[in-house]
Amino acid sequence: MFDALVAALAGIGAGIAVMLAVGRMRAARAPRAVPAGPSALSPYEDGRTQRVLAAFPFAAFLIDSGGVVRYVNAAAEELFEIQTQRAVGQALIAVVPSVAMERQVLAAIAGETSERDITIGNFARERTLGITVHPFEGGAVAVAADRTALLAIEQVRREFVANVSHELRTPLSAIKLMLETVLVSDDDAEARTLFLPQVAREVDRMIRLVEDLLELARSESGSLLLHREVFDLTDVATSVVNTFAQRSTAAGIELDLDAPEEVFVDADRNRLTQVALNLVDNALRHTPQGGNVSVEIGSEGRNALLRVRDTGRGIPYHDLPHIFERFYVVDRSRSREHTGTGLGLSIARHLVEAHGGTLTAHSIYGRGATFVCRLPRITEKD
């Protein structure tokens, strides 16, 4: 009987097999009475079986041949938010309202082992569980693990690879086409004048993308080094506004600085300059001619504030929660030349958080957007 449980769970994986082996050794060493004849325990009430399943880091159920739950371990109580006393003696479908899992259990009772993912919960808290069910003593043993986070990470990885591939393929295809045109133009000076500057721009765009990817990788991995110093945040804002002065004038956008007070921070000057550059660049790209972009420095309690406001089209409500995600683009109809790499805001948030601060966005669609960077402020008392 006990060996049957071990055989039933053998397909779940090496980690689970180790847990089973440990459980068997512990159970073998434990003192126990051996009942005789008709008073022998059923396989679902056997203490050794239950001790092994209790040691599992995964949710586990024992179900008898009638589809009734006979044992639930602590991991199952937590995962499915149930209580043992209310679950034992109930049909599995009444304990876990999943038709897919019930079908797996019925198939296991008939002798079939199965592994599959099922979705449970409502839209607000939907989870994906990996369910493995094996036949056991005329009934079944079911083991479940929450795979929601793992699948989400895998989805992010796939999207990231797809986005990077797309971002690199587009300029590479353009470069290839333009160079081929130059090569077949028989030393045509006009073709070189027309296409070679475009090739240079596309190469620059790829370099920016690779640099942004490296910066994002460093910040997300926690390996970002900060060279801290105490300085006035106004210095950073002034430098950034001066950097974009010519571009804003050419675009017909008013760019101004509002810094009525000194606000000191203990931070990496270059990293915060990068944050401000990304925020102002983003604001200018989304503000039409005749609009205004304002960079503001201030304080709020023990926080230093860097605000970047614009009078552009704003951010749609459904896009607002996603704008700090990698490669997220609000207006996909805009040309790639004007949308940037799609990494600037994500990098900015990571850099701010590395300083112990926060970066948030507020917007009403059609009425502009405001990005607020909050950082620990150095006060006189410090």
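For Glu115 and Ala152, the FRET efficiency from 1/(1 + (r/R0)^6), where r spans their Cβ atoms and R0 equals 30 Å, is about 0.90.
Pulled fully out, how much extra length does the chain show between Val161 and Arg201, if you take 0.36 nm times their separation in residues and subtract their Cα-Cα distance?
12.1 nm
Rounded to the nearest angstrom and listed largest first, the equivalent-ellipsoid semi-axes of the stretch 193-323 from its Cα gyration tensor are 26, 22, 16.
Along the axis of the charge dipole computed for the stretch 169-276 (Cβ charges of +1 for Lys and Arg, -1 for Asp and Glu, origin at the Cα centre), the listed residues Ala245, Val203, Thr181 are led at the positive end by Thr181. If both residues of a DSSP beta bridge must be in the stretch 159-300, then about 50% of such bridges are antiparallel.
Considering the stretch 83-128, its Cα convex hull presents a mean projected area of 3.9 nm².
Residues whose amide H lies under 5 Å from that of Ile82, counting only those 5 or more places away or on a different chain, are absent; hydrogens are built 1.01 Å from N in the peptide plane.
Sorting the Cα pairs of the stretch 97-156 by distance into bins of 5 Å, from 0 upward, gives 4, 19, 25, 21, 14, 9, 5, 1, 0 percent per bin.
How much length would be gained if the chain were fully extended between Arg127 and Thr360, taking 0.36 nm per residue of separation minus their Cα-Cα distance, in nm to one decimal? List each step's numbers first, then the result.
Numbers: separation 233, 0.36 × 233 = 83.88 nm, distance 2.79 nm.
Extra length from Arg127 to Thr360 when fully extended: 81.1 nm.
Counted over the stretch 43-154 with a bin width of 5 Å, the fraction of Cα pairs per bin, in whole percents, is 2, 13, 23, 27, 20, 9, 4, 1.
Computed from the coordinates by the stated procedures, all read-outs in this text should not be read as laboratory data. Keep in mind the model is a prediction, meaning the values are calculated, not measured. Neighbour counts are summed over all protein chains in view; Cβ atoms, including those assigned to glycine, are modelled from backbone coordinates with ideal geometry.
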